[in-house]
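The structure under discussion appears below in the form of structure tokens.
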Amino acid sequence: MTVTVSRLYDSYADGQRAVTDLEAAGVPHSDISIVSNNSDNWYNARKVDRDGDGVDDRAEGAGKGAGVGAGLGGAAGLLAGLGLLAIPGLGPVVAAGWLAATAVGAAAGAATGGVIGALTQAGVSKEDAEFYAEGVRRGGTLVSARVADQDRTRFDGVLARSAVDTQSRRTAWQKSGWKTFDPAAAPLTADEIRRQREQYRSSTM
């Protein structure tokens with residue numbers, strides 16, 4: 001039996017490390033997904049050089065007329081397939097993997113829920129799915145992996161290393177008036193995302 005383990009991270013870098021750790025622990029990149037908020041346009045602003053040749057891969061891909069992610073996916077793992085997407089309720093995200101594909105497919109088919117629907121279909125509770133969606137909306141990064149049930153504890157431990165404390169973060173949001181994820185709410189602006197991230201950093205220092 002396959003189950004889904006998920007964790008929220010305050011930064012893409014933390015989520016990226018979690019993906020790398022999962023792959024190193026033996027989870028195929030086809031069973032891992034990452035969704036990271038891009039409202040502040042960090043992904044467009046940085047050079048993407050997955051093959052280490054000093055040239056931005058997006059420029060190379062445009063010159064070759066081919067998708068760089070597709071070309072490198074097998075060799076470089078999940079993170080080689082990152083792409084920009086717009087997911088209802090979350091706004092612009094950088095994402096790769098099965099969860100993003102399911103969320104976008106649900107939206108295209110007019111199914112409700114987007115990323116929440118994708119997570120609940122994968123066995124995540126609605127309460128946790130709403131928390132994860134809200135976390136991405138507020139600037140976070142979500143990493144999910146499909147793993148064998150007997151390996152759940154081990155891989156959940158891998159994901160937990162630099163993850164957000166779910167209960168304390170949920171409590172903090174509720175104290176400020178948050179009740180549930182609202183897919184109709186406007187995405188946060190770049191300034192709002194920066195303020196959220198600064199607040200997270202100060203609360204963990």
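The values are calculated or read from the model by the stated rules, or taken from the named source; none is laboratory data. Just so it is clear, the model here is predicted, and its values are computed rather than measured. Using ideal geometry, Cβ is built from the backbone for each residue, glycine included, and neighbour counts are taken over all protein chains shown.
Some points to look at:
- Meets criteria (more than 13 Å from the chain's Cα centre (by Cα) and at pLDDT 90 or above) for ARG138: no
- In the stretch 135-186, the residues that are of a type in the set (Ser, Thr, Tyr), touching a helix residue (DSSP H, G or I) at 6+ places or on another chain (Cβ under 7 Å) and closer than 19 Å to ALA25 by Cβ: THR141, SER144, SER162
- Out of ALA118, ALA145, one residue alone is modelled with pLDDT under 90 and surrounded by 21 or more Cβ atoms within 10 Å (Cβ to Cβ). It is ALA118.
- Of the residues in the stretch 98-113, not one is assigned to a strand (DSSP E or B) and modelled with pLDDT under 85.
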